[in-house]
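K.L.:
Take a look at the following structure, please.
The values are calculated or read from the model by the stated rules, or taken from the named source; none is laboratory data. Treat the numbers as computed from the prediction; the structure is a model and nothing was measured. Cβ atoms come from the backbone with ideal geometry, glycine included; neighbour counts cover every protein chain shown.
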Amino acid sequence: MIREATEQDLQPIQDVCLDAFESDEREVVAKLAIDIIADESSRPVVALVAEDDGAVVGMVIFSRVSIQEHSKTQCFILAPLAVSGASQRRGIGGLLIAEGMKRLREYGVEFVFVLGDPRYYTRHGFRADHGFIAPYPLEYPEAWMVRTVGDTAPAVDSGHIRCCRTLDVKELW
């Protein structure tokens with residue numbers, strides 16, 4: 001079951017992140033998830049959890065970003081997405097992405113960005129061939145991807161992306 005995260009889900013969200021990621025990044029991702037939810041500059045934020053038998057086994061957060069040259073264009077970034085180790089490879093991450101996209105479409109969002117593994121995110125409609133510039137230089141530019149949300153192609157096709165304060169940290173990029 002996919003549902004909107006509540007305040008009672010903050011610890012389970014951290015636990016999922018700690019379980020899902022390698023030791024060198026799990027503390028950073030767990031803290032990042034909670035900080036984005038609390039960050040006033042990321043509003044609105046869409047935070048979803050996946051439950052299995054009443055336990056939170058996955059989570060995703062979409063927070064607002066802007067295109068510097070096109071401030072009226074509605075955009076979000078997907079960060080982070082996590083599924084607990086025992087629940088991986090069951091399609092839960094894809095379900096979380098799909099539900100998030102459905103909700104964002106209802107809000108009139110045009111683009112969702114992600115910095116992640118191209119082998120995974122391209123399976124969910126993200127692409128790296130675009131003209132949007134990440135907030136900081138990237139070691140792996142092919143990991144900076146975008147996906148349109150609606151059924152029609154937006155008129156905007158380039159620009160500089162600005163994130164909430166929590167994500168506006170060079171070391172995260």
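K.L.:
For region 104-145, how many residues meet the condition of being farther than 16 Å from Ser66 by Cα, touching a residue at least 24 places away in the same chain (Cβ under 8 Å) and assigned to a helix (DSSP H, G or I)?
P.N.:
8
K.L.:
Thr152 versus (1) surrounded by 13 or more Cβ atoms within 10 Å (Cβ to Cβ); (2) among the hydroxyl-bearing types (Ser, Thr, Tyr); (3) farther than 20 Å from Ala20 by Cβ: which is the lone unmet condition?
P.N.:
With respect to (1) surrounded by 13 or more Cβ atoms within 10 Å (Cβ to Cβ); (2) among the hydroxyl-bearing types (Ser, Thr, Tyr); (3) farther than 20 Å from Ala20 by Cβ, Thr152 is out only on (1).
K.L.:
Check whether at least one residue in region 76-97 is closer than 16 Å to Val45 by Cα, modelled with pLDDT of 95 or more, not acidic (Asp, Glu) and not in a strand (DSSP E or B), and report yes or no.
P.N.:
Within region 76-97, the subset closer than 16 Å to Val45 by Cα is 76-81, 96-97.
Keeping just the survivors that are modelled with pLDDT of 95 or more gives 76-81, 96-97.
Filter again for not acidic (Asp, Glu), leaving 76-81, 96-97.
If we keep only those that are not in a strand (DSSP E or B) too, we end up with 96-97.
Yes: region 76-97 contains one or more residues that are closer than 16 Å to Val45 by Cα, modelled with pLDDT of 95 or more, not acidic (Asp, Glu) and not in a strand (DSSP E or B).
K.L.:
Could you grab me the full set of residues in region 155-171 that are surrounded by 12 or more Cβ atoms within 10 Å (Cβ to Cβ) and of a type outside the set (Asp, Glu)?
P.N.:
Passing the criteria: Val156, Gly159, His160, Ile161, Arg162, Cys163, Cys164, Arg165, Thr166, Leu167, Val169.
K.L.:
Something else about it: Can you pull out every residue in region 146-173 that is in contact with a helix residue (DSSP H, G or I) (Cβ under 6 Å, 6 or more places away or on another chain) and assigned to a helix (DSSP H, G or I)?
P.N.:
Hits for region 146-173: nothing passes.
K.L.:
Quick one: Pro137 ticks every box in (1) surrounded by 14 or more Cβ atoms within 10 Å (Cβ to Cβ); (2) at pLDDT 95 or above except a single one, so which number is it?
P.N.:
Answer for Pro137: the failing condition is (1).
K.L.:
Which of the residues belonging to region 19-67 are under 14 Å from Leu81 (Cα atoms) and touching a Gly at 6+ places or on another chain (Cβ under 8 Å)?
P.N.:
Asp19, Ala20, Val46, Leu48, Val49, Ala50, Gly58, Val60, Phe62
K.L.:
Something else now. Kindly establish whether Asp24 is over 20 Å from Asp117 (Cβ atoms) and over 14 Å from the mean Cα position of the chain (by Cα). Reasoning before the result, please.
P.N.:
Working: over 20 Å from Asp117 (Cβ atoms): no; over 14 Å from the mean Cα position of the chain (by Cα): yes.
So Asp24 does not fit the description; no.
K.L.:
Moving on to the next point. Just to be sure, is Arg26 surrounded by 15 or more Cβ atoms within 10 Å (Cβ to Cβ) and in contact (Cβ under 8 Å) with a residue 60 or more places away in the chain?
P.N.:
Numbers: surrounded by 15 or more Cβ atoms within 10 Å (Cβ to Cβ): yes; in contact (Cβ under 8 Å) with a residue 60 or more places away in the chain: no.
For Arg26, the condition - surrounded by 15 or more Cβ atoms within 10 Å (Cβ to Cβ) and in contact (Cβ under 8 Å) with a residue 60 or more places away in the chain - is not met.
K.L.:
Whether any residue in region 35-45 is hydrophobic (A, V, I, L, M, F, W, C), farther than 24 Å from Trp144 by Cα and part of a strand (DSSP E or B) is what I want to check. Give the steps one after another, and end with the answer.
P.N.:
Of region 35-45, the ones hydrophobic (A, V, I, L, M, F, W, C) are 36-38, 45.
From what is left, the residues that are farther than 24 Å from Trp144 by Cα are 38.
From what is left, the residues that are part of a strand (DSSP E or B) are none.
Looking for residues that are hydrophobic (A, V, I, L, M, F, W, C), farther than 24 Å from Trp144 by Cα and part of a strand (DSSP E or B), one finds none in region 35-45, hence no.
K.L.:
A further question follows. Could you check, for region 57-69, whether at least one of its residues is modelled with pLDDT under 95, acidic (Asp, Glu) and either in contact with a strand residue (DSSP E or B) (Cβ under 7 Å, 6 or more places away or on another chain) or surrounded by 14 or more Cβ atoms within 10 Å (Cβ to Cβ) (or both)? Give the derivation first.
P.N.:
At the first step, the residues of region 57-69 found to be modelled with pLDDT under 95 are none.
So far as region 57-69 goes, no, none of its residues is modelled with pLDDT under 95, acidic (Asp, Glu) and either in contact with a strand residue (DSSP E or B) (Cβ under 7 Å, 6 or more places away or on another chain) or surrounded by 14 or more Cβ atoms within 10 Å (Cβ to Cβ) (or both).
K.L.:
OK, next. State which residue is nearest to the chain's Cα centre (by Cα) when the search covers only region 49-62 and only residues that are farther than 17 Å from Val149 by Cα and not β-branched (Val, Ile, Thr).
P.N.:
The selected residue is Met59.
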